[in-house]
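To start, the structure under review is shown below, and the notes come after it.
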Amino acid sequence: MIRLFVGIPLPPSLRRQLGSFAAGIPNARWTPEENLHLTLRFIGEVDETTAGAVHDALAELQAPAFTMTVGGCGTFEGGRRPVTLWLGVERQPALVRLRDKVESALVRVGLPAESRRFQPHITLARMKDPPLPKLHAFVAGHNLFHDSVPVTSFVLFSSHLGRGEPIYTAEAEYPLTADS
Ligand code: 3AM
């Protein structure tokens, strides 16, 4: 079995910059710089045959390259407490169409449809009971950050869960067609 997700890797310069944000919130587990990415679709544990079918379906997918805009901070809540700190990604049509094509390809392969709404984001940290004034100060201090990222491919990642941070490995990369 292999644990998979489909995502968009970030350029090293942006990862370095976001990595430098990792301070100021007690009880935060910051995403290691090398793991920073945008998840298009979480797949989960599948067998090798299904993984092969997923790869074949993604390799056939055709979608145009685009420029992704990132910026703005926010949190996802769990049990009414902030548990995930994220950097926003603009919900632009080219990104949503790519995500929809990935979704259709995976459903054709036989995976269950994703029921959760696509909320594009880059997870900066996971938190357990962070002090709210510190969290709010972080958001206020980083909310104006923004950047443009050329997206020329997407990636099938495997995720190996161990004792520490997950290890993400790019299993295959799928080029997008040249921007017109
Ligand atoms: O992009 P982020 O960091 O928000 O939280 C996991 C991570 O999302 C998410 O998949 C991404 C790559 O691991 N993930 C992990 N388990 C999940 C699950 N059971 C999940 N998403 C949905 N359902």
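Counting protein heavy atoms only, the stretch 22-123 has 49 percent of its accessible area on carbon and sulfur, 1.4 angstrom probe. Dipole magnitude for the stretch 58-180: computed about the Cα centre from +1 point charges on Lys and Arg Cβ and -1 point charges on Asp and Glu Cβ, it is near 540 debye.
Per residue, the stretch 59-168 exposes 56 Å² of accessible surface when a 1.4 Å probe is rolled over the protein heavy atoms with every protein chain present.
As I understand it, the dipole of the stretch 109-148 uses +1 on the Cβ of Lys and Arg and -1 on the Cβ of Asp and Glu, about the Cα centre. Which of 130, 146, 118 lies farthest toward its positive end? The one lying farthest along the dipole's positive direction is 130. The overall shape of the chain, judged from the alpha-carbon gyration tensor, is prolate: a/c is not under 1.5, and a/b is greater than b/c. For the chain, leaving out every one of the trypsin sites (Lys or Arg not before Pro) that falls in a DSSP loop and has at most 10 other Cβ atoms within 10 Å, the longest unbroken run is 1-79.
Residues in the stretch 118-129 carry Karplus couplings, in order, of 6, 10, x, 6, 10, 6, 8, 7, 10, 10, 10, 6 Hz; the curve used is 6.51 cos²θ - 1.76 cosθ + 1.60 with θ = phi - 60°, and Gly or Pro positions show x. Per residue, the convex hull spanned by the Cα atoms of the stretch 107-180 amounts to 199 cubic angstrom.
Taking all Cα pairs closer than 8 Å and separated by 6 or more residues, the relative contact order of the chain comes to 33 percent.
The values are calculated or read from the model by the stated rules, or taken from the named source; none is laboratory data. Everything numeric here is computed off the predicted structure, so don't read it as measured data. We place every Cβ from the backbone using ideal geometry, glycine too, and count neighbours over all the protein chains shown. The protein model used for the area step is the full one, side chains on, heavy atoms only, and it has no ligands, DNA or RNA in it. Shrake-Rupley method; radii C 1.70, N 1.55, O 1.52, S 1.80 Å.
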